[in-house]
1. Can you list the copy-to-copy distances for A:Q89, using a point 7 angstrom from Cα toward Cβ, in nanometres, shortest first?
2. In percent, what relative contact order does chain A have, based on Cα pairs under 8 Å that are 6 or more apart in sequence?
3. Hey, got the dipole for the protein assembly as shown? About the Cα centre, +1 on K and R Cβ, -1 on D and E Cβ, debye to the nearest 20?
4. From other protein chains only, count the Cβ atoms within 10 Å of every residue's Cβ in A:14-23, then give the mean.
5. Sort shortest first the distances from B:E10 to its counterpart in every other copy, using label points 7 Å along the Cα-to-beta-carbon line, and give them in nm.
6. For A:K87, list the lysines whose Cα falls under 16 Å from its own Cα; do not include residues on the same chain fewer than 8 positions away.
7. Take chain B, mark every one of the trypsin sites (Lys or Arg not before Pro) that falls in a DSSP loop and has at most 11 other Cβ within 10 Å, then report the longest stretch left between them, sites excluded.
8. Of B:I35, B:V78, B:N104, which is farthest on the positive side of the dipole of chain B, counting Cα position, with +1 on Lys and Arg Cβ, -1 on Asp and Glu Cβ, and the Cα centre as origin?
There are 2 protein chains.
Amino acid sequence: MYICPMYSSELLKGTLKTIVLNLLKDNGRMYGYEITQRVKDLTGEKIQITEGALYPTLHALESQGELQTEAVFIGKRVRKYYTLTEKGQSTAKEKVNELVDFMNTMKFLLDLEPRTGNG
Amino acid sequence: MYICPMYSSELLKGTLKTIVLNLLKDNGRMYGYEITQRVKDLTGEKIQITEGALYPTLHALESQGELQTEAVFIGKRVRKYYTLTEKGQSTAKEKVNELVDFMNTMKFLLDLEPRTGNG
DNA sequence: TTTTATACCTAACTTTCTTATGTAAAAATT
DNA sequence: AATTTTTACATAAGAAAGTTAGGTATAAAA
């Protein structure tokens, strides 16, 4: 039986806010549980955001003015939708750029794109 | 005046061991201070490994049997050279593969390589 | 002679997760 | 109808892996 190879969780550290902001940038509005499922689905369960990590992060982003919430009743239950504020939209772009730049630097450092001698 | 844009340090978390193991794989043997300088030079100071992070990491890798040391006197000072053990060599490969896989997954998740419809 | 660079080290603290736990409604299963 | 699973929110203790700050001491440069 095949066990899905999740990444050692240290790698995820520092990327959670970026993932959340970027998902909201692309999807308009989402609620917490939806975010965990979307990430799980998109990555084939390789990346699984835990609720213990996500909810505090959402609250922090909201208190920093990056996100705003909208409570919607689904039957008797409340579902909290999050959307980016204007500040959140620019932060999302910055964070994604920073992460991409970091990953490019890392790939170079790991010598995965060796110079071919014509540079 | 231009300030060098270092990455927010959370991103580095979880990648330090991989960087160290990979540098030793490519360079045969290195000492701690040399590693900090090499990374700084290779990345244009975008990634700076602090000694407070590096030395404990080197000690941990050694106690886990990934690295072995060789003390060399330079004048009156000791310099500690680290080399990969056999175990360290396979760990280095695994760690690099994992990090590359993770970065590919992240790039996909961030929708930087959108499907073109022919997959 | 004084400062900077080299070269090692540890410890308190912070950040950011994981793990565990709690609540409760809706849906699916037996 | 009763039980389990899924949905959906939340918090808190603890672990992991860094940063910041400090210490020691030699060699080189100013």
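Quick note: the coordinates plus some simple rules give every number you see, no bench work behind them. The shown structure was predicted, so the numbers you read here are calculated from the model rather than taken from an experiment. Please note: Cβ atoms are built from the backbone with ideal geometry, for glycine as well, and neighbour counts cover all protein chains shown.
1. 5.5
2. 27 percent
3. 220 debye
4. Partner Cβ neighbours, averaged per residue: 4.
5. Going from nearest to farthest copy, the values are 1.8 nm.
6. Within the straight-line cut-off, A:K87 pairs with A:K17, A:K25, A:K95.
7. Numbers: sites that count: B:K76, B:R115.
Longest stretch, sites excluded: B:1-75.
8. Going by the charge dipole, the pick is B:V78.
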